[in-house]
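S.K.: I have a structure here, written as structure tokens, and I will follow up with some questions on it.
Since every read-out is calculated from the coordinates, none of them should be taken as a lab result. Since the model is a prediction, treat every value here as computed from it, not as a measurement. Heads up, the Cβs are rebuilt from the backbone with ideal geometry, glycines too, and the neighbour counts pull from every protein chain shown.
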Amino acid sequence: MPNSLNRRHLLMSSLGLAAGLLPAAARAQAPAEAWARMLDAARGQTVWFNAWGGSERTNAYLQWAATEVQRLYGVKLEHVKLSDTAEVVKRVRAEKAAGRNPGSADLLWINGENFLTMKREGLLFGPFAESLPNFALVDLAGKPTTRIDFSEPVDGMEAAWGMAQLTFFADAARVPQPPASLPELLDWARRTPGRFTYPKLPQFHGTTFVKQVLVELNTDRTALYRAFTPEAFGRFTPVVWNYLDALHPLLWRGGRQFPANTTVMRQMLSDGELFISLTFNPNEPANQIAARTLPPGVVAFQFRAGTLGNTHFLAIPFNARAQAGAQVVANFMQSPAAQARKADIRHWGDPTVLAVDRLPPEQRALFADSASAPGVVRQPAPVWPEPHASWVEPIEREWQRRYGA
């Protein structure tokens, strides 16, 4: 009898254990099964990817990606080339107001104030980003801005795609000791007037430079990472205008005119009209040297204490026609193969969002070591997160009032 009871107890225990394990196994299989259904739903869809089209290398990369997602997943990727991401924000907003669903865009290249606007106005699909299989490869610890966009929580509404950091570059023969801070840049400009400038706001790189002034020259930055208030603006921006008032007379054309964008500035540096230029892609100088659009004597540098940096993302509008296809494309864009090609200076040179050191050796090998390439930043500086996106419009408006004419 005791043996019979023991056998029964063991049987019941085994059944109980199995019952406890089966739901866990099912839970483990659920994401894989859900993704398989996503792949099935995406096959045959056309994804209209609205993204900035101002770079030949970026456009070429997206053509490569389109070939790959068609080959691997049967998804057609169409690049809708934008001059400004705000164009598609306005379009999706108008579609929502008109009740147009599905809409005209399936996937967006986005960050900053455009993301904040779309998130606040309910113009985005999601959350989806942390359900993508390749999200597990993203470097959340080493690159904290992959979950924060201009101090606004991403909340799974956009998928990290690439990294950026304000970087300067100069002709080493003309600038043997590059300035290592904004005060040093001002001193250099006093000694070398007319050889530096920045793009006219609201062009993105121009706004970034002004935000660098805001962050670097304010030691107490807490309020900058909160939503804009007029009181905080009045307290923290006077140091910005004081610095720019001192710098502008020393700029190209005495600060009375500003270039339209950094593409123009890069040509001006190549022609010797400028000695220092700027970019938001740390690998752009190396990329342009490799493309022979900049001379090999150009060096890239960042200010010693830090420069602004952020992550740029992929998002899906609330009324996307190809929601499954858009998620499949976003997941592919986070794959080691796609990220490695994107980081390669021969193709784009956009820094990866992945934790490369955690990848298997064969995938890690895809990320070619370009540390010795001409034009690479030799001493990377700390990344300072962007101020809250709500600061952008007030900064641009005040800059236009003071200097736009």
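S.K.: At a temperature of 10 °C and a viscosity of 1.306 mPa s, determine how fast the range 73-208 diffuses translationally according to Stokes-Einstein, using the Kirkwood radius over alpha-carbon pairs as Rh; express D in µm²/s, rounded to the nearest whole number.
M.R.: Working: Rh = 18.4 Å.
Answer from the Stokes-Einstein relation: 86 µm²/s.
S.K.: Set the Förster radius R0 to 51 Å, insert the Cβ-Cβ distance between Q400 and W35 as r into 1/(1 + (r/R0)^6), and round the FRET efficiency to 0.05.
M.R.: Working: r = 47 Å, r/R0 = 0.92.
Using R0 = 51 Å, I get an efficiency of 0.60.
S.K.: Taking only DSSP H segments of four or more residues, each worth -39500 (n - 2.57), what value at 222 nm results for the chain once the sum is divided by all its residues, to the nearest 500 deg cm²/dmol? If you can, show how the numbers build up before the last one.
M.R.: On the way: 14 runs with 171 residues, N = 405.
Mean residue ellipticity, 222 nm, calculated: -13000 deg cm²/dmol.
S.K.: In vacuum, with every alpha carbon of the chain counted as one equal point scatterer, what does the Debye formula give for log10 I(q)/I(0) at q = 0.07, 0.08 Å⁻¹? Two decimals, please.
M.R.: Result of the Debye calculation: -0.38, -0.48.
S.K.: Among A300, T237, G255, pick out the residue whose Cα is farthest towards the positive end of the charge dipole of the range 213-368, where Lys and Arg carry +1 and Asp and Glu carry -1 on C-beta, about the Cα centre.
M.R.: With unit charges placed on the Cβ atoms, the residue in question is A300.
S.K.: Once the piece of chain linking A355 and I148 is laid out straight, how much longer is it, given 0.36 nm per residue of separation minus the C-alpha distance between them? Display every interim value, and only then the final one.
M.R.: Values: separation 207, 0.36 × 207 = 74.52 nm, distance 1.69 nm.
Length difference between fully extended and current span is 72.8 nm.
S.K.: Restricting to the chain, what percent of DSSP beta bridges are antiparallel, rounded to 5? Spell out each step's value before the answer.
M.R.: Values: 22 of 34 bridges.
Taking every DSSP beta bridge with both residues in the chain, the antiparallel ones total about 65 percent.
S.K.: Another one. Which length gain, in nm to one decimal place, applies between E121 and D220 when the Cα-Cα distance is subtracted from 0.36 nm times their residue separation? Could the numbers behind the result be given before it?
M.R.: Values: separation 99, 0.36 × 99 = 35.64 nm, distance 3.10 nm.
32.5 nm is the gain from fully extending E121 to D220.
S.K.: Moving on to the next point. For E56 and K90, what does the FRET efficiency come to when R0 = 41 Å and r is the distance between their Cβ atoms, rounded to the nearest 0.05? The partial results should precede the final answer.
M.R.: Details: r = 26 Å, r/R0 = 0.64.
Efficiency computed from Cβ-Cβ geometry: 0.95.
S.K.: Same structure, new question: Once both labels are modelled 7 Å past Cα along the beta-carbon direction, what's the R346-Q379 spacing in nm?
M.R.: Label at R346, label at Q379, 3.1 nm between them.
S.K.: Once the Cα atoms of helix 204-216 and of the chain are each reduced to a long axis, what angle between those two axes, in degrees from 0 to 90 to the nearest 10, is obtained?
M.R.: 90 degrees
S.K.: Another question, if that's okay. Helix 56-73 versus the longest principal axis of the chain: what angle, 0 to 90°, nearest 10, using Cα atoms?
M.R.: In the chain, helix 56-73 runs at an angle near 10 degrees to the longest axis.
S.K.: Then there's this: In a Gaussian network model over the chain where Cα atoms closer than 10 Å are linked, find which of A51, A373, A330 has the largest mean-square fluctuation.
M.R.: A373
S.K.: Net charge around A65, counting only other residues with Cβ within less than 10 Å of its Cβ (Lys, Arg = +1; Asp, Glu = -1)? Working shown, then result.
M.R.: On the way: positive: R341, K342; negative: E68.
My count for the surroundings of A65 gives +1.
S.K.: Additional query: Show which lysines lie in cross-link reach of K342 when reach means a straight Cα distance below 24 angstrom and same-chain residues fewer than eight apart are skipped.
M.R.: Partners found: K76, K81, K143.
S.K.: For T263 and R190 in one chain, what is 0.36 nm times their gap in residues minus the Cα-Cα distance, to one decimal in nm?
M.R.: Values: separation 73, 0.36 × 73 = 26.28 nm, distance 2.49 nm.
Gain in length upon complete extension: 23.8 nm.
S.K.: Another one. Report the calculated FRET efficiency for S181 and D245 (r = Cβ-Cβ distance, R0 = 25 Å), to the nearest 0.05. Each step should come with its number before you reach the end.
M.R.: Working: r = 18 Å, r/R0 = 0.73.
It comes out at approximately 0.85.
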